[in-house]
1. Under the rule of at least 5 residues apart or a separate chain, name every residue whose amide H is placed under 5 Å from the amide H of Ala141.
2. Would you mind telling me which residue in Ala104, Ala232, Ala83 has the biggest mean-square fluctuation in a Gaussian network model of the chain, where springs connect alpha carbons within a distance under 10 angstrom?
3. Helix 188-198 sits at what angle to the longest principal axis of the chain, using alpha carbons and giving 0 to 90 degrees rounded to 10?
4. Can you run the Rg to Rh ratio on the range 126-261? Use alpha carbon positions and the Kirkwood inverse-distance Rh.
5. Restricting to DSSP loop positions (anything but H, G, I, E, B) with no more than 14 other Cβ atoms inside 10 Å of their own Cβ, which chymotrypsin sites (Phe, Trp or Tyr not before Pro) remain in the range 17-99?
6. With each pseudo-label sitting 7 Å past Cα toward Cβ, what's the Arg196-Arg121 distance in nm, one decimal?
7. Please work out how many pairs of lysine residues in the chain are eight or more positions apart (or on different chains) and have Cα atoms closer than 25 angstrom.
8. Please identify, among Ala101, Ala34, Ala240, the residue showing maximal mean-square fluctuation in a Gaussian network model of the chain using a 10 angstrom Cα cutoff.
Amino acid sequence: MVEQGVTPTGTDASLGQTKALTHGLEILHLLVEANRPMTATEIAKAIGLHQSSASRILKTLIAAGYVRKPDYHSFAPDLGVLALGGTAIRNFPLANKPRPAMAALAERAHGLTVSLATFWRGEMLYLLRTQAGHEPVGFFAGHFPLHLSSPALRMLLEMPEAGALAHLEASRARYGWERPGAMAPASPEAALAEARGLLRHDGLVLDGWQGPCRVSAAIPLAVPGVGQAALALSGPGEAATHDEILLLLQEGRRAVEAAMR
C-alpha cells in the first residue's frame, strides 16, 4: 500500500504499466475471439478487472485505433488490428521463406493441399496453404476442431499428455466433438491414443477421420525461433497411398527447414 503523499517508485509504476499492457492484449484477444461487440461490463468480468480499469484500457485502445465503438455501449476490434496483423504476417519469416519449397511440394502432391501450420493458445494458425496450379493462400486462423486436424494432433503429441488433453477439452468446449468419419475418435483420450498409434516415420496419417475418402497427414518441423510447426497434406484419400504421403512429407520437411536456415 502506498502511503498518502508518497510517490510510487519506478518499479511500482513499471509493474502497473506492464499489467495494463497485459490486460490490453487480453481485451484485444477477447474482442477478436468474441465475434460480436461486447460491453465494458462483459469485458471487465471476462478479464477479471474492475469496470473502471477496463474502461480506461478501452479508451487507450480506441485512441490507438485498435478498438472502436459500433454503438454507445459496446466495443469491437478496429482496423488497427487488421493493419497490425497484415504487416506482421508479411514480415514473418515462416510465412514467406518457405513459399518456393511449398509450391514445389504441391506440384508433386497428386492434387493434395499443402499446408504449413503452427499452434498458438489452443488455436491452429495456417501460415501458408497451396495446391498445384493455384496461388498460395496466406495467413488463416483455422477455427477448426483439433481432434480432426492432423497438424494439430501431430503437434499435441509433442506435448506432455496433460497439456495436450487440456487443449483438446478446450477445443471440444469451443467447437463441439463432431465425428464426420467412422474413424474419428470418441474422446480427447481416444484422439491422443489413436493418433499415437498411427505414427509412422515421424508422420501422422489420419484416414477417414474428416469424412469418408478423406485423408489428412502431418509431420513436425524444426524451425529456429518457432515453438511448434507442422507441414501437412490433405485431400481425397485416393490421391496417394500412405507411404507416398509420408515420403512427400519427409521430402517437404527437408526443403522447408532448409529454406528457414
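What follows draws every value from the coordinates through simple rules; no lab data is involved. Values in this document were obtained by computation on a predicted structure and should not be read as measured data. As a convention, Cβ positions derive from the backbone with ideal geometry for all residues, glycine included, and neighbour counts pool all protein chains shown.
1. Tyr126
2. Ala83
3. Its long axis makes an angle of about 40 degrees.
4. 0.94
5. Values: sites: Tyr66, Tyr72, Phe75; in loops: Tyr66, Tyr72.
Passing sites in the range 17-99 are Tyr72.
6. Going by the 7 Å Cα→Cβ label model, 2.9 nm.
7. Working: Lys19/Lys45; Lys19/Lys59; Lys19/Lys69; Lys45/Lys59; Lys45/Lys69; Lys59/Lys69.
The result is 6.
8. Ala34
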